[in-house]
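Remarks on the structure that follows.
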Amino acid sequence: MGAHEARADRPGPVGLPFDAVLCDIDGVIRFYDTSEVTRLERAAGLPEGATAAVGYAPENDLPLLLGAITREQWADSIVRGLLPRVSSYEAKALAYAFSTAAFRVDEAVVDLLRQVREHCPLVLVSNATPWLDEDLARLGLTDLAHGVVNSSRVGVAKPDRRIYEIAVERAGVSTDRCLFVDDRQENVDAAVALGMTGVLHRDAADLRTALADVLDRRTG
């Protein structure tokens, strides 16, 4: 097993409603800066979000998230999807800006997760790219979680039940003792259907509320 594949064999806090936290990355921990993409879209006469609509279309996005294509191949699919609405030059510039967009972390969320990982297993569960490990290293988050389940590494993506089962196995607890946090309702619904407690994430306050039993014990 790799550094992010080790099972988190440690007991959860006694008397709490969950024994492990399974947490999404993008939209919860990490956020992208798409300002350059927006600028290029305006210059090309495209509506804001047009590039994202192409890049995240299932036929373009899912192969990337399953590890079947490279970043370059993904960018090429974005170029094809933008033509002929814009010129080849504009499409390539947009695809490059979108596929290499800078990102930041929500420090408040990271702080909460660092606190909770001291009390129970924390496993990140992400529909992510093959270069996720590099991104986490750039953000200084390599040691944030006890494990990382990356769709492009395991070959299955949320909301498929198999990725949840992999995450539960990595956490080393039973499914019904997992708290699952994600910013997409369909992913939360899939976790709840398997017996987990689900939290639809909107901001750090949501996460603070969900983790209150652990955090209050820590500070109490």
Sort out which residues of region 82-109 are over 30 Å from residue 16 (Cα atoms), β-branched (Val, Ile, Thr) and either surrounded by fewer than 20 Cβ atoms within 10 Å (Cβ to Cβ) or under 16 Å from the mean Cα position of the chain (by Cα) (or both), and write them in order of number. 100
Do you know which residues across region 30-46 are assigned to a loop (DSSP other than H, G, I, E, B) and within 26 Å of the chain's Cα centre (by Cα)? 33, 34
With the checklist (1) among the small types (Gly, Ala, Ser); (2) touching a Gly at 6+ places or on another chain (Cβ under 7 Å); (3) surrounded by fewer than 22 Cβ atoms within 10 Å (Cβ to Cβ) in hand, flag the one item residue 191 doesn't pass. (3)
Under 7 Å by Cβ, and 6 or more places apart or on different chains, what pairs join a residue from region 171-184 that is closer than 17 Å to residue 204 by Cβ with one that is charged (D, E, K, R)? 181/24; 182/24; 183/24
For region 137-168, the count of residues that are within 11 Å of the chain's Cα centre (by Cα) and hydrophobic (A, V, I, L, M, F, W, C) equals 3
Within region 52-68, residues farther than 16 Å from residue 100 by Cβ and β-branched (Val, Ile, Thr) come out as none
Matching residues in region 36-81 (open to solvent by less than 70 Å² (accessible area, probe 1.4 Å), more than 30 Å from residue 149 (Cα to Cα) and touching a helix residue (DSSP H, G or I) at 6+ places or on another chain (Cβ under 7 Å)) number 3
Has region 110-120 got at least one residue that is surrounded by 24 or more Cβ atoms within 10 Å (Cβ to Cβ) and closer than 21 Å to residue 190 by Cβ? no
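The values are calculated or read from the model by the stated rules, or taken from the named source; none is laboratory data. Given the structure is predicted, the values throughout are model-derived calculations rather than measurements. Don't worry about glycine lacking a Cβ; one is built from the backbone with ideal geometry, like all the others, and counts go over all protein chains shown. Ligands, DNA and RNA are excluded from the accessible area calculation, which covers all protein heavy atoms including side chains. Shrake-Rupley method; radii C 1.70, N 1.55, O 1.52, S 1.80 Å.
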